[in-house]
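A.B. asks: Starting off with a structure, shown below.
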Amino acid sequence: MISQLFILSSKGDHLIYKDYRGEAGSDVIDVFYEKVTALTGDQPPVVMSHKDLHFVHIRQGGLYWVVTTTADSSPFSIIEFLNRLSSLVKDYCGSLSEKAIQMNFALIYELLDEVLDYGYVQTTSSDVLKNFIQSEAISSKPFSLFDLSNVGLFGAETQQNKVAPSSAATRPIQSSRDPGGKSEIFVDVIEKMSVVIGSNGVLMKADIEGEIRVKCYMPSCSEMRIGLNEEFSVGKSQLRGYGAAVRVDECSFHQSVQLDEFQSHRILRLCPSQGEHTVMQYRLSDELPSAPPFRLFPSVERDSAGRLLMYLKLRCDLPPKRSVSLLPEGAGLSQELSSPDQSAELQLQNRTVFWKIPRLCGGTQLSALFKLDVPGLSSASMLEVGPVGLSFELPKWTGTGLQIRFLRLSPVHPGPSQRWVRYVTHSDSYIIRI
């Protein structure tokens, strides 16, 4: 049972406030923000209390999604509701940001009126809500010259139209109901990689967490069939097919996925509803089917002037056609970089050197020489240098090798429709010890 629900910006600005039971005043918003900002650490506790009132909150899109309750409600149920509510707002507004919430506050209040009744959850299904929500989402897209890159001579379309931009799926689901709206469906294979490489270059730990996410902008679609690699296997079972093995340790599926063809043909069947859904989650531990995408060759020494010299050579072991945007992270600082596109920054508070590389192509390497003036530098303090952490985003590549063989819709949509399959791998924790 929910007493109040409100959404705050990262600075504590009141964006949305709804009181369902009148059990507390609006001053609890300031009480909650004071409690959150007074705590040390990046992740405050999800559940906090003030007198007889309990605060349950999550962080999504840089915003605080908060529920207050005075009853002995299950915090796990409230957290699940807040996650579903944030996904619902993202589906209807197109994105989760402070600006999107401010521009679509009327739509969000209409959603809250349908989702909650006197503090009790009624539904969070977009299929049910689409029959009652009448407000249209407001989205603003600034003009960019990059939007003209798909137009050739005399307005002819170029080959770049075959690639969906990253912002293509950040629009409201109601846009598919417009007469000129596009009927599209996006299937994203998203993986997060956690790697630890020892100072001798040996891979010590490798974990991959992935998911297949579907976002549907089609007014009606009775069934969708997603074909995975024929060689896809779960656990230490016998390898399938004749190609390279694609193995995960465990996987789970959304309740709407039908698995009658999964064991024999590796096909997922489901009836997608409008909005975004995670249809499959999987995990691979302590093993990578290929070499890690990055290798670092460090050298740390002290020069005759007593300065700390760090020479770093970063190599990308991906195929030459692949490219990645990354940010490797290492007291006066001078630097020698191998490319003018690179930059470096010293943060004394964190005792960290940030080496920023906007783009690195596969099969290439970059180097940097950092000279640091460290007071009281000794041989013992030089052993404290490191480790190096990499933060990157790698499109069109997956660490497990999972691929979408085909994406079929039935019945075939009568109007023009487009199907997009996208792959991206993020770094969750990529540590290289020096």
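The values are calculated or read from the model by the stated rules, or taken from the named source; none is laboratory data. What you see is a predicted model, and the numbers here were worked out from it, not measured in a lab. We place every Cβ from the backbone using ideal geometry, glycine too, and count neighbours over all the protein chains shown. Just the protein is used for accessible areas: all its heavy atoms, side chains included, with ligands, DNA and RNA removed. Shrake-Rupley method; radii C 1.70, N 1.55, O 1.52, S 1.80 Å.
A.B. asks: What order, most packed first, do the peptides 297-304, 69-76 have when packing is the mean number of other Cβ atoms within 10 Å of each residue? Numbers along the way, then the final one.
C.D. replies: On the way: 297-304: 12.0, 69-76: 13.5.
Top of the packing list down: 69-76, 297-304.
A.B. asks: Holding the Cα-Cα limit at 20 Å, pick out from 11/356; 313/396; 99/356; 90/182; 215/236; 130/215 the pairs that are longer than that.
C.D. replies: Long pairs (Cα-Cα over 20 Å): 11/356; 313/396; 99/356; 215/236.
A.B. asks: Taking a ≥ b ≥ c as the square roots of the eigenvalues of the Cα gyration tensor of region 31-95, is the shape rounded (a/c under 1.5), prolate (a/b larger than b/c) or oblate?
C.D. replies: oblate
A.B. asks: In whole angstrom, how far apart do the alpha carbon centroids of region 26-75 and region 97-128 sit?
C.D. replies: That distance is 20 Å.
A.B. asks: Shifting gears a bit: Would you mind working out the accessible area per residue for region 2-130, using a 1.4 Å probe, and quoting it in Å²?
C.D. replies: Details: 6120 Å² over 129 residues.
With the other protein chains kept in place, region 2-130 gives 47 Å² per residue.
A.B. asks: Find, among the GluC sites (Glu not before Pro) in region 345-430, those assigned to loop by DSSP (not H, G, I, E, B) with at most 15 other beta-carbon atoms within 10 angstrom.
C.D. replies: Passing both the DSSP loop test and the Cβ count: 384.
A.B. asks: Distance between Cα centroids, region 364-428 to region 266-329: provide it in whole Å.
C.D. replies: 4 Å
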